[in-house]
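Asks: Quick one: this structure, given as structure tokens, is what I'll be asking you about.
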2 protein chains.
Amino acid sequence: MEKNKQKKLEAAGWRIGTVDEFLNLNQQEAEYIELKLSLSKNLQKRRRSLKITQKDFAKMIKSSQSRVAKMESGDPTVTIDLLVKSLLTLKTPKNSLSRILPR
Amino acid sequence: MEKNKQKKLEAAGWRIGTVDEFLNLNQQEAEYIELKLSLSKNLQKRRRSLKITQKDFAKMIKSSQSRVAKMESGDPTVTIDLLVKSLLTLKTPKNSLSRILPR
DNA sequence: ATAAGATATGTCATATCTGACATATAGTCA
DNA sequence: TGACTATATGTCAGATATGACATATCTTAT
């Protein structure tokens, strides 16, 4: 890698080819999983508070009971996209998800 | 649909087979797109403020320049997952994305 | 304990997303 | 202007996520 590029990447918080890089990757991964899990739990909480079964909720989002179970358990095959779409289904227009953005 | 189930769905804010349902779907879709676009713009802003090119940033996230361009333009083939992972790469551990959760 | 309903787990064909590449367009500077 | 760098757009083969299904396990009521 040329010197110049390395400087730029370091400016973005990277230390190339070092332990730091490894730790950063783990950190990102951890935060990503944490985020997903939080969405999962929130979804489950909302569904339960509405006294809807996974089966009924699956119909609302045109999915299946098994996938809803996977959503709520934080299964690795479930994307944030699916979780967000599901949460939006359970929200009234006023309680917008747009408030959950980076600040 | 049986009467009982319909009641449950209505409790979750649905009016089955009506104009309301149609509007709700549009509303969700709109919020989903709005969310994605906001993440897109945030990503672009962060990358630019760090004076990193799309090409260099692509290397950081093990992707390609073209996909970074698509991320920043809100291309429909880009998932929230990819945007979030990318944003996490540009954040220092302290500025966690975990603060952007549903409240 | 046992039946019934709800939720979890495993699998799979199909749909969708991905990085990569080619190439077009926009921006910058001599 | 033209050369150079950055960004945008189109395409595609391979990778990953999806809904659906079968079936297992948990929960609850009797």
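Asks: From the cross-link list A:91/B:36; B:36/B:59; A:55/A:85; A:85/B:55; A:36/B:45, which pairs have alpha carbons spaced over 19 Å apart? Mind dumping the intermediate values first?
Replies: Values: A:91/B:36 17 Å; B:36/B:59 22 Å; A:55/A:85 17 Å; A:85/B:55 31 Å; A:36/B:45 24 Å.
Among A:91/B:36; B:36/B:59; A:55/A:85; A:85/B:55; A:36/B:45, the Cα-Cα distance tops 19 Å for B:36/B:59; A:85/B:55; A:36/B:45.
Asks: Right, next: Report ³J(HN,Hα) in whole Hz for each residue of segment A:43-52, in order, from the Karplus equation J = 6.51 cos²θ - 1.76 cosθ + 1.60 where θ = phi - 60°; Gly and Pro get x.
Replies: 4, 4, 4, 5, 4, 4, 5, 8, 6, 9
Asks: Sorted from shortest, what are the nm distances separating the label point of residue B:29 from equivalent points in the other copies, each placed 7 Å from Cα along Cα to C-beta?
Replies: 3.8
Asks: Moving on to the next point. How crowded by other chains is B:57-66, given as the mean number of beta carbons from other chains within 10 Å of each beta carbon?
Replies: On the way: counts 3, 0, 3, 6, 1, 0, 0, 0, 0, 0.
Mean number of neighbouring Cβ atoms from other chains: 1.
Asks: Where the label is 7 Å out from Cα toward Cβ, how close does residue B:45 come to the same position in every other copy, in nm, shortest first?
Replies: Reported distances to equivalent positions: 2.7 nm.
Asks: Another question, if that's okay. Using the Karplus equation 6.51 cos²θ - 1.76 cosθ + 1.60 (θ = phi - 60°), what ³J(HN,Hα) coupling, rounded to whole Hz, does each residue of segment A:21-27 give in order, writing x for Gly and Pro?
Replies: Result, ordered by residue: 4, 4, 5, 4, 4, 5, 4 Hz.
FYI, it's all coordinate maths here, none of it is from the lab. Because the structure is a prediction, the values reported are computed rather than measured. Note that each Cβ is placed from the backbone with ideal geometry, even for glycine, and that neighbours are counted across all protein chains shown.
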